[in-house]
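The values are calculated or read from the model by the stated rules, or taken from the named source; none is laboratory data. Nothing here was measured: the structure is a model prediction, and the numbers come from that model. Here Cβ is always computed from backbone atoms with ideal geometry, including for glycine, and neighbour counts include all displayed protein chains.
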Amino acid sequence: MAPAKAPVTAAAKRRRLRDVVALLDRAYGRPPLEPRFPPVGELIYTVLSQNTADVNTDRTYAELCRRYPTWSAVRDAPVAQVEQAIALGGLSHVKAPRIVAILQALSAAGGEPDLSLLDDLDDEHALAYLERLPGVGPKTAACVLLFALGRPAMPVDTHVHRVARRLGLLDWGVSAVAAHAVLTAMAGPEPADIYAAHVGLVRHGRRVCHARRPACAGCPLYDLCPSAGARS
């Protein structure tokens, strides 16, 4: 009987992730961490992006901002009108009431929706606060912290989760929800490194490491991927 393989240590996984990010940077370019929107805008954009292509998310967000000049105007609009404004992105019947509910939750005494309180919270409590908002999960919360505030939080979408498991960075039993904390610790503590890991894994999942037919033959990670050549 062959001896059981020793488990890969956390330190080894951190080294592997650093090597992965270096190769992805070489293949796709190093992505700079630059704020895209202020925190409330990033939160609404991320809600709109759920199960939606990037190009449609951009168009939907732009249309919402064109129709409503402030987030309080979105909050106070009839949900049916908000739904119409974001219809291009799909699932508007779910996203519209969610967006309105979030903006209501972020409004103190009817003022403009605001997330400045995050400045006074550490990363753990900031994530917990965001996840208490209507319909906000760990991925959306991490997007706000990383993309808008440059704080160390790894958003884990289906691409990141799939590629990280195939690379042996995550055990196969680790859920996407649990993977947020695991990959944040593995890629951190520098937000720029976490961002590079996130963007690189998303790009790679979209272009090469597809869900059903990964293009292993031309993969820049082939030599360090334990799943290379196997459909998983």
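Here are the numbers for the structure shown:
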quantity	calculated
Residue match in segment 168-180 (condition: of a type in the set (S, T, N, Q) and outside any loop (DSSP other than H, G, I, E, B))	no
Lone qualifier among A196, A192 - being loosely packed, with under 15 Cβ neighbours inside 10 Å, at pLDDT 95 or above, closer than 13 Å to L33 by Cβ and out of contact with any Phe, Trp or Tyr (no Cβ under 9 Å at 6 or more places or on another chain)	A192
Residues that are touching an Asp or Glu at 6+ places or on another chain (Cβ under 8 Å) and surrounded by 18 or more Cβ atoms within 10 Å (Cβ to Cβ), drawn from segment 55-71	W71
Any helices (runs of 4 or more DSSP H) falling wholly within segment 1-84 and containing at least 2 residues that are at negative phi and over 22 Å from the mean Cα position of the chain (by Cα)	10-28, 54-67, 71-76
For A217: the one exception among (1) assigned to a helix (DSSP H, G or I); (2) surrounded by fewer than 15 Cβ atoms within 10 Å (Cβ to Cβ); (3) at pLDDT 95 or above	(3)
Residues satisfying the stated conditions in segment 85-100, i.e. β-branched (V, I, T) and either outside any helix (DSSP H, G or I) or at pLDDT below 95 (or both)	I86
Which numbered condition I86 misses (of (1) farther than 26 Å from T184 by Cβ; (2) surrounded by fewer than 21 Cβ atoms within 10 Å (Cβ to Cβ))	(2)
Sole residue being in a helix (DSSP H, G or I), loosely packed, with under 14 Cβ neighbours inside 10 Å and in contact with a Phe, Trp or Tyr (Cβ under 9 Å, 6 or more places away or on another chain), chosen from L117, L103	L117
Residue match in segment 144-162 (condition: within 14 Å of R18 (Cα to Cα) and either in contact with a Ser or Thr (Cβ under 8 Å, 6 or more places away or on another chain) or crowded, with 20+ Cβ neighbours inside 10 Å (or both))	no
Total residues in segment 120-137, condition crowded, with 19+ Cβ neighbours inside 10 Å and either touching a Pro at 6+ places or on another chain (Cβ under 8 Å) or not in a helix (DSSP H, G or I) (or both)	3
